[in-house]
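Colleague: Got a structure here, written out as structure tokens. Questions coming.
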Amino acid sequence: MSENEENLIFNPSQQVIDGAIVKEYDQLYKYSIENREAFWAEQAEMLGWYKKWDKVLDSSNPPFYKWFVGAKTNIIHNAIDRHQTTANRNKLAFLWEGEDGLVRTFSYHALNREVSQFASVLKSMGVVKGDIVTIYMPQIPELVFAMLACAKIGAAHSVVYGGFSSEALLERITDAKSRVVITADGGFRRGKATQLKDIVNKALEMCSVVEVVITVRRTGEDVYMENDRDYWYHDLKALPIASTKCETEVMNSEDMLFLLYTSGSTGKPKGLVHTHGGYSVYTSTTHRMVFDIKPEDRFWCAADPGWITGHSYIVYGPLINGSTIFLYEGAPNHPYPDRWWKMIDKYGITILYTSPTAIRGLMRYGESWVNRHDISGLRLLGSVGEPISPEAWKWYHRVVGKGKAPIMDTWWQTETGGFMITPIPITPLKPGSATKPFFGNELGVVDDEGNDVKTGEQGNLVIKAPWPGMTCCINEDKERYYDTYWKRFEKQGWYSAGDAARIDKDGYYWIIGRTDDVIKVSGYRLGTAEVESALATHHLVAEAAVIAVPHELKGNAIHAFVVLRHGTEQSRVLEAELKEHVGKVMGPIAKPEAVVFVDLLPKTRSGKIMRRVLKARALGLDEGDLSTLEE
Ligand code: WTA
């Protein structure tokens, strides 16, 4: 970023400052890091607990930190139960619009009934506390009900993004040992019905752990249902067992709430674990303070519930805060590029939280599509998932925010559970910077030895102290958790984020991007190793390496370099076939943008692929030090 951009500042209006819940940053930040446990205890006091904690933070065995030790809770107690005895009971909890225009709405009372019914059904199908249920669904209300129903009865959910392939789904079901899978016949996307149940059926042909599949009817398309395994949700819901009364299970603060698979730099996806107590406190506090939540807000987080952003800021944070949430099923440009703006107008959405990829995509159609609708009710905007370019930031601010809605550019990760670096509405903003650490958080940008880099210089982003939203571990693999995040700076005891960043002269953070072998494509997180092994499963591929190259719409695109098996002819047809193959193995988002055939991959003498050399060549840059190159 140039000096110029660092000096461009958007100050909040007096109206924003006057209305803000948190009116001051510096002092509260200082207090929050000097009195970390007291600060988090104060936030936790705002929630309901069956039994309060004996200790806010147990740091006796780092990095295996425990939050709110000894407390008894259930996230559902705060997200649903507590609202039943307040004015929120008849407040709108959830507004949903299908791509086909179908609208469904639920008050907190209705949400409670739906979730309790789903929970009763799960119980009757033998789900017990401690089970892990896999959920593979389109963006329909039942996805949210299913997640909440699992939590209510003390089962953990593992939501697998509906864009993943049957192979990817199978891998996650098997790793989680899910006995029960919840799915739907499909959903609508760009006017067509997706075939989710078929993908589940295919995954289960190769799997013996699943005993029960519950299928929600959405599209009405014909699907294959297997006797004694497959049940329609509407059939189960009609039975007397599907009671609208269901006790919420009492959980320990540190009990597993969910498992969420995410790509890392090596090997298969990691199942990250989040827990009931700390996660409840962290998601609700960050949501309330950063989005300045008022009772009358209508909050739209336009992520897919299948990713962490959806878990924390469609479902849990907002419901704990008693907000009205909005969920939309389909494509942003269906049937026309003004679909989002039309819905924001129609439902009176006041806060929109989305990704730079979505913004770039909508920007492409031009502002006249936005200006057809009255979206002046938007008072705050948010961005997440990848760095937002100053250009996209300014468009978002001017065209969508009408020059008055501040943009909360939130940096965080699946692992962190919630926002780590983010403005609050009163923060003076610099387009492209996520600004400063959220309360309670200490971060830094350091060199490989752990020394602070100079102001303005690029380095490794680290988190220096524990926070309540942090993942507690990788499911059943403590060692991998330690090795992945904590080993690099083990002397200092810091969490290594895997991102490069800079801090400018005003203490603002500028996130540059991943430093490890994780690629962000349209904000989706993919591992180079996963894409490479997907390519390697093709019978004509001997070896493959993939890199990220900048892409105007997607942020990054995947370029694959492939060595074919001896005697295989290179062709355009094979190029296209390999792209399709990756799409089939992993899911459409992982399809490489380009496949380049090479005779050899650049490797070090110890056999490690030098992706940096491939990248330099692809971008026409200096290849740097090649002394370790084998050939
Ligand atoms: C990137 C998504 C720049 C970053 C919540 C991080 C961002 C990874 C931002 C985590 C942002 C997320 N600015 N980069 N505001 N937010 N990232 O686990 O590289 O899907 O490490 O979590 O996304 O991706 P994940």
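Colleague: Take the residues of segment 504-526 that are surrounded by 21 or more Cβ atoms within 10 Å (Cβ to Cβ) and among the hydroxyl-bearing types (Ser, Thr, Tyr): which is farthest from the ligand (Cβ to nearest atom)?
Modeller: The qualifying residue farthest from the ligand (Cβ to nearest atom) is 508.
Colleague: Tally time: how many residues in segment 383-407 are among the charged types (D, E, K, R) and in contact with a Ser or Thr (Cβ under 8 Å, 6 or more places away or on another chain)? Before the answer, list the steps.
Modeller: Quick first cut of segment 383-407, residues among the charged types (D, E, K, R) only: 386, 391, 394, 398, 402, 404.
Those still in the list that are in contact with a Ser or Thr (Cβ under 8 Å, 6 or more places away or on another chain) too: 386, 402, 404.
The qualifying residues number 3.
Colleague: What residue, among those in segment 305-350 that are within 16 Å of the ligand (Cβ to nearest atom) and β-branched (Val, Ile, Thr), is surrounded by the most Cβ atoms within 10 Å (Cβ to Cβ)? Spell out how you get there, then give the answer.
Modeller: Step one: filter segment 305-350 for residues within 16 Å of the ligand (Cβ to nearest atom), giving 305-318.
Those left that are additionally β-branched (Val, Ile, Thr): 308-309, 314-315.
Numbers: 308: 24, 309: 24, 314: 27, 315: 25.
This residue is 314.
Colleague: Still on this model: Residues of segment 407-428 being more than 8 Å from the ligand (Cβ to nearest atom), open to solvent by 10 Å² or more (accessible area, probe 1.4 Å) and touching a strand residue (DSSP E or B) at 6+ places or on another chain (Cβ under 8 Å), which ones?
Modeller: Result: 427, 428.
Colleague: Right, here's the next one. Looking at segment 275-283, can you tell me whether even one residue there is within 16 Å of the ligand (Cβ to nearest atom) and among the β-branched types (Val, Ile, Thr)?
Modeller: Taking segment 275-283 first, the residues within 16 Å of the ligand (Cβ to nearest atom) are 279, 282-283.
Subsequent filtering for residues that are among the β-branched types (Val, Ile, Thr) retains 283.
Yes: one or more hits.
Residue-wise test of (1) touching a Phe, Trp or Tyr at 6+ places or on another chain (Cβ under 7 Å); (2) among the acidic types (Asp, Glu); (3) modelled with pLDDT of 95 or more; (4) over 30 Å from residue 412 (Cβ atoms).
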| residue | (1), (2), (3), (4) |
| --- | --- |
| 227 | no, no, yes, yes |
| 242 | no, no, yes, yes |
| 257 | yes, no, yes, no |
| 267 | no, no, no, no |
| 284 | no, no, yes, no |
| 298 | yes, no, yes, no |
| 304 | yes, yes, no, no |
| 311 | yes, no, yes, no |
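Colleague: Name the residue, out of 545, 529, 560, 501, that is open to solvent by 10 Å² or more (accessible area, probe 1.4 Å) and either within 16 Å of the ligand (Cβ to nearest atom) or not basic (Lys, Arg) (or both). Reasoning before the result, please.
Modeller: Working: 545 fails: open to solvent by 10 Å² or more (accessible area, probe 1.4 Å); 560 fails: open to solvent by 10 Å² or more (accessible area, probe 1.4 Å); 501 fails: open to solvent by 10 Å² or more (accessible area, probe 1.4 Å).
Criteria check complete, one pass: 529.
Colleague: Then there's this: Could you please tell me which pairs satisfy a Cβ distance under 7 Å, a separation of 6+ or placement on different chains, a first residue in segment 386-401 that is within 13 Å of the ligand (Cβ to nearest atom), and a second residue that is part of a helix (DSSP H, G or I) and charged (D, E, K, R)?
Modeller: Correct list of pairs: 390/5; 392/360.
Colleague: Just one of (1) under 22 Å from residue 279 (Cα atoms); (2) aliphatic (A, V, I, L, M); (3) not in a helix (DSSP H, G or I) trips up residue 127, so point out which.
Modeller: Evaluating residue 127 over (1) under 22 Å from residue 279 (Cα atoms); (2) aliphatic (A, V, I, L, M); (3) not in a helix (DSSP H, G or I) leaves (1) as the failure.
Colleague: Also: Can you list residue pairs whose Cβ atoms sit under 6 Å apart, with the first residue in segment 411-424 being more than 18 Å from residue 514 (Cα to Cα) and free of Cβ contacts under 8 Å to residues at least 40 places away in the same chain and the second being open to solvent by 10 Å² or more (accessible area, probe 1.4 Å) and of a type in the set (Phe, Trp, Tyr)? Count only pairs 6 or more apart in sequence or on different chains.
Modeller: Once the first residue is more than 18 Å from residue 514 (Cα to Cα) and free of Cβ contacts under 8 Å to residues at least 40 places away in the same chain and sits in segment 411-424, no partner that is open to solvent by 10 Å² or more (accessible area, probe 1.4 Å) and of a type in the set (Phe, Trp, Tyr) comes close enough.
Colleague: Whether any residue in segment 105-121 is among the aliphatic types (A, V, I, L, M), assigned to a strand (DSSP E or B) and either free of Cβ contacts under 8 Å to residues at least 40 places away in the same chain or under 16 Å from residue 258 (Cβ atoms) (or both) is what I want to check. So that I can check it myself, show each step before the final result.
Modeller: First, pick out the residues of segment 105-121 that are among the aliphatic types (A, V, I, L, M): 110-111, 115, 119, 121.
Okay, now just the ones that are also assigned to a strand (DSSP E or B), so none.
Within segment 105-121 (the criterion being among the aliphatic types (A, V, I, L, M), assigned to a strand (DSSP E or B) and either free of Cβ contacts under 8 Å to residues at least 40 places away in the same chain or under 16 Å from residue 258 (Cβ atoms) (or both)), the answer is no, since none of the residues qualifies.
The values are calculated or read from the model by the stated rules, or taken from the named source; none is laboratory data. These numbers were taken from a predicted model, which means no experiment stands behind them. Counting neighbours? That spans all protein chains shown, and the Cβs are built from the backbone with ideal geometry, glycine included. Calculation scope for accessible area: heavy atoms of the full protein, side chains included, ligands and nucleic acids excluded. Shrake-Rupley method; radii C 1.70, N 1.55, O 1.52, S 1.80 Å.
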